[in-house]
Amino acid sequence: MSSGVLFELEGNDRRIYFHNPIATLPIVTKTNNIIMMPWGRRNKQKGALPLGGWARLEGIYKGQWDKWQPQPVKIPVKSFMEKSHDGANHWFDLVKGQCLQGLVARNQYEQRVYIVTIEPEQENAWYYRWPRIINQGYKECADAFRLTDSQHPS
């Protein structure tokens, strides 16, 4: 799981870890502004949105997030951290033009951003999940939750 990210804000690099109860992530708005939004929800935090900081793409496709009015967003980060099966932390850099796929969930009282994850493509992968990496263009982000015939879950 993406338990940490590195991003630039106002000219400074910032590392944020999910375990921090006030962790926020940058998201890109439709007008290409950057705003900060709370990253998921932890066990002891008040609220009604889902616990955790991740949204499985498969669950999005199955409608499991529909009651929270999911909106796809771009999360512009330089790198992200994943824990391997053996518990070691590994940092992975994105290349220019890439960002993480995010999902903004909301109800009438709050909104939070979750990192969209996919199953690793490699057999015998070292990670349980992998963040969905997309291109920076807004169209790619907006289209990210739309299904093609080959993507429908069985």
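The values are calculated or read from the model by the stated rules, or taken from the named source; none is laboratory data. Just so you know, these numbers come straight off a predicted model, no measurement behind them. Don't worry about glycine lacking a Cβ; one is built from the backbone with ideal geometry, like all the others, and counts go over all protein chains shown. All accessible areas refer to the heavy atoms of the entire protein, side chains included, with ligands and DNA or RNA removed. Shrake-Rupley method; radii C 1.70, N 1.55, O 1.52, S 1.80 Å.
Some observations on this one:
- Within the stretch 29-58, the set of residues being in a strand (DSSP E or B), of a type in the set (A, V, I, L, M, F, W, C) and open to solvent by less than 50 Å² (accessible area, probe 1.4 Å) comprises Met37, Trp39, Trp54, Ala55.
- Of the residues making up the stretch 1-22, those that are modelled with pLDDT of 90 or more and closer than 9 Å to Phe80 by Cβ number 3.
- Residues that are free of Cβ contacts under 8 Å to residues at least 24 places away in the same chain and surrounded by 11 or more Cβ atoms within 10 Å (Cβ to Cβ) were ranked within the stretch 1-16; the one that is nearest to the chain's Cα centre (by Cα) is Ile16.
So that you can scan it fast, the table gives a plain yes or no per residue for (1) part of a loop (DSSP other than H, G, I, E, B); (2) touching a residue at least 24 places away in the same chain (Cβ under 8 Å); (3) open to solvent by less than 20 Å² (accessible area, probe 1.4 Å):
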position: Gln64; (1), (2), (3): yes, no, no
position: Lys67; (1), (2), (3): no, no, no
position: Glu82; (1), (2), (3): no, yes, yes
position: Trp91; (1), (2), (3): no, yes, no
position: Gly102; (1), (2), (3): no, yes, yes
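- The set of residues from the stretch 22-69 being over 11 Å from Ala105 (Cβ atoms) and among the acidic types (Asp, Glu) comprises just one member, Glu58.
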